Structures are given as C-alpha cells and as structure tokens.
Amino acid sequence: MEIYKPCKGQGIYYILGLLLVYVLLFTAGLFLVNTYILFSLLKIAFVVITAYQLYYILQYTTLKYGTDEKNLYIINFIKTIKIPYEEIEYYKVEEGNINGVKLSGLGNNNFALGKSVIKKIGTTNMYVTSNKNIIYLKVNEKNYAITPMDFKSFKSVLEKNNEVESDWTRNEEKHVSLHKDRGFILPLILSSIIIFILTLNPFILYLTDKLPSSMPLNFDSSFLPVDKGTGKQFAFNQMIYGVLNMAILFCMYYASHFYAKYDKKSAKKYMYISLLIAAAFLIIQIRILLTFK
C-alpha cells in the first residue's frame, strides 16, 4: 500500500484554540456558578465537549490516505475506510473556501472533519485538512472528500484506474422516517420515561405523605441547602424541571427530523443529547431525595 499524508493546514491550531477557549469558559463557569444543578450540568458538558474535541484532534493528527491495486483507503486512529476503485463513479477537484453546512464534526472554511452538506454535491464525509486541491469522490450513494499532500500523484492513481473527473448533481432527498429506527426510538422512549419519572415522582411522594414537611429547594455548588420550603414547593420545583426537559426533548425531536433528510445517522445524536440531560436531572433528584427525605 502506498501512503499519502494529508495536506498541511491550520485546522489543528483551530481545534486546539477552540479546546482552550472551552476549557477557560468552563473553568470560569465552575468558579462563578454557585447553584448545584448548573454546576453539575457544567461538569457534564465540560467532560463531553472536551472528549469530543480530543477525538477530532486525534483524528486530525492520525489521518492519512492509502492506495493499492484495487482500493483507495482513508485511515485514522479509529477506523480504515476501504473504497474499491470500481465503486467510484466520479471525482472532482475544488479549491477555496469549503462551501457547505456542517452536520457533525469540526471545521471552518479551511478544513472539515465529519459530515457536511456541500453545495451541488450533497452530504459528504469530510476528511479534509486544507482548502487546497480538495478531491471529492462519488462512491455509490456516498460522497467523500480528501486532501492528499501529493495531489498530482494521487490524481494520477485515479486516472490510472479509469476514474472520470466530472461534476455531478445532488440527488433529491427522499422522505426519511425515523420512527422505525431503533437508534432514534430507543433514546426517545428512555427520555420520555425518565422525564415522566422526574416530573411525577415528587408529586406521588408528596400526595402519599412520604416527603418531609421541609425540603431544600436550592443548593450551592457544594450541595448545601441555601433555600428551604414545603414538600409541595419541592414537588412543584421538580415539576418545572420536568417541563423544561419536555421542551428540550421536543426541540431535539424536531432537530432530528430536520437533519435526517441530510444524514440519518447524524440526526439521531440529538435524541441522545436529550437523554443525557434528562438522566442528569433525574440523578440529581434521586440524590436530593436520598439525602433529605
């Protein structure tokens, strides 16, 4: 296999800069916020976003391309994508700002990792480290974008295997139904159950006289009560959190359907965002009940 390094670009500095900004913002937030719920959500968001950034730093730094007699390869630390030459229908070369809308991953006008909707091409798997000599590949129903450093040599491999350089028209998007997809339905059902428990559990405890007459309503970042009220007020507070999570689930549901017409896999991530937030609120509620009930 012949290995091609990706074209050098400024993307890694952009990602590192973005990570630094997030670290500074979250650190400031953790010092400034003195409410337990916000403090807990900030910690969860910090872990998730940092892991997300580190994933793309590793992907960027380990990215390379390969060719052999029958296949083209896109290689990074987590997987190797094998593209048989016989499945490549067309390719095209473009330069300049990446003209697309990001669906997932990281990127700007000069680099892109993840998935983007590219003008006239459609949803594309982006493995692009520079905006110079971007090679777009149409492979059956999928599109890929790469930027090998040795562009001329890589292009000659495509020509040697009788690949055709041509524009192509993006296919009209079909109606996509997510309701039969387990990856969408499962987090939707779990989120709904968690929100149902989050909302009704305190009221059931209150109506069955299983809540103390005095319950904490607000906490500082160290989980020490700063405001107390009746069991009824506690139940009402928790109901508000339940309604908030219902609104988040509603927004994520429609965001999933909006993005599904571009990329079904990327669309499902929004349901997991709702699930993660709802689970965090339920864990906080359980901790309060176990500590003060």
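The values are calculated or read from the model by the stated rules, or taken from the named source; none is laboratory data. Predicted, not measured: the structure shown is a model, and the values here were computed from it. Neighbour counts run over all protein chains shown; Cβ positions are idealised from the backbone, glycine included. Remember, those area values only see protein heavy atoms, side chains included, never the ligands or the DNA or RNA. Shrake-Rupley method; radii C 1.70, N 1.55, O 1.52, S 1.80 Å.
Residues whose amide H comes within less than 5 Å of that of Gly229, counting only those at least five positions distant or on another chain, are Met215, Leu217 (H built at 1.01 Å from N in the peptide plane). Backbone phi angles across region 224-230, fed through the Karplus curve with coefficients 6.51, -1.76 and 1.60 (θ = phi - 60°), yield HN-Hα couplings of 9, x, 10, 8, 10, x, 7 Hz in residue order; Gly and Pro are listed as x.
Counting only protein heavy atoms and a probe of 1.4 Å, the accessible surface of region 152-214 is 57% carbon and sulfur. The three principal axes of the Cα atoms in region 1-142 give end-to-end lengths of 60, 31, 27 Å, sorted in falling order. The slack in the chain from Thr27 to His179, taken as 0.36 nm per residue of separation less the alpha-carbon distance, amounts to 50.8 nm. Expressed in units of 2.2 N^0.38 Å, where N is the residue count, the Cα radius of gyration of region 112-263 is 1.77.
Rounded to whole numbers, the Karplus 3J(HN,Hα) couplings from phi for region 14-21 are 5, 5, 4, x, 5, 4, 4, 4 Hz, using 6.51 cos²θ - 1.76 cosθ + 1.60 with θ = phi - 60°, and x at Gly and Pro.
On the beta carbon distance between Val93 and Lys269, with R0 = 25 Å, the FRET formula returns roughly 0.20.
Residues whose amide H lies under 5 Å from that of Gly105, counting only those 5 or more places away or on a different chain, are Lys115; hydrogens are built 1.01 Å from N in the peptide plane. In the chain, the calculated helix contribution to ellipticity at 222 nm averages -17000 deg cm²/dmol per residue, counting -39,500 (n - 2.57) for every DSSP H run with n ≥ 4. About the centre of its Cα atoms, the chain shows a dipole size close to 500 debye [charges on the beta carbon of Lys, Arg (+1) and Asp, Glu (-1) only; nearest 20 debye]. The overall shape of region 195-258 is oblate: from the C-alpha gyration tensor, with semi-axes ordered a ≥ b ≥ c, the ratio a/c is 1.5 or greater and a/b is no larger than b/c. For the chain, the longest principal axis of the Cα atoms and the long axis of helix 151-160 meet at an angle of about 70 degrees. Note on Kirkwood radius over Cα pairs in Å: of the candidates (i) 25.4; (ii) 22.2; (iii) 21.5, the value calculated from this structure sits at (ii).
Computed over protein heavy atoms with a 1.4 Å probe, the accessible surface of the chain works out to 56 Å² per residue.
Phi-derived couplings, Karplus 6.51 cos²θ - 1.76 cosθ + 1.60 at θ = phi - 60°, listed residue by residue for region 276-292: 5, 5, 4, 4, 4, 5, 5, 4, 4, 4, 4, 4, 4, 5, 5, 7, 10 Hz, with x used for Gly and Pro. Loop-located trypsin sites (Lys or Arg not before Pro) in region 48-152 (DSSP state other than H, G, I, E, B) with a sparse environment of at most 15 neighbouring Cβ atoms within 10 Å: Lys70, Lys79, Lys119, Lys120. Placing a label point 7 Å from the Cα of Lys43 along the Cα-to-Cβ line, the residues of region 211-253 whose backbone N sits under 20 Å from it are 216-227. Calculated FRET efficiency, Phe236 to Ile283, Cβ-Cβ distance, R0 = 22 Å: about 0.65 to the nearest 0.05.
Treat every Asp and Glu Cβ in region 1-102 as -1 and every Lys and Arg Cβ as +1, leave all other atoms uncharged, and give the resulting dipole magnitude about the Cα centre to the nearest 20 debye. Let's see the in-between values first.
Working: 9 positive and 8 negative charges, 99 e Å.
Value, rounded to 20: 480 debye.
A straight line joining the Cα centroids of region 172-245 and region 105-171 runs 45 Å. To the nearest ten degrees, helix 182-207 and the longest principal axis of the Cα atoms of the chain are 10 degrees apart.
Looking at region 24-89, which chymotrypsin sites (Phe, Trp or Tyr not before Pro) are DSSP coil and have at most 13 other C-beta atoms within 10 Å of their C-beta? Walk me through the intermediate numbers first.
Numbers: sites: Phe26, Phe31, Tyr36, Phe39, Phe46, Tyr52, Tyr55, Tyr56, Tyr60, Tyr65, Tyr73, Phe77, Tyr85; in loops: Phe77.
The qualifying sites are Phe77.
For region 119-170, GluC sites (Glu not before Pro) meeting the loop criterion (DSSP other than H, G, I, E, B) and having at most 14 other Cβ atoms within 10 Å: Glu141.
Note down the relative contact order for the chain as a percent, whole number, built from C-alpha pairs under 8 angstrom at least six residues apart. Before the final figure, lay out each step's value.
Working: 470 pairs, mean separation 49.2, N = 293.
Relative contact order here is 17 percent.
In summary, the lysines within cross-link reach of Lys261, defined as a Cα separation below 23 angstrom excluding same-chain residues under 8 places away, comprise Lys102, Lys115, Lys119, Lys120, Lys138, Lys142, Lys174, Lys180, Lys269.
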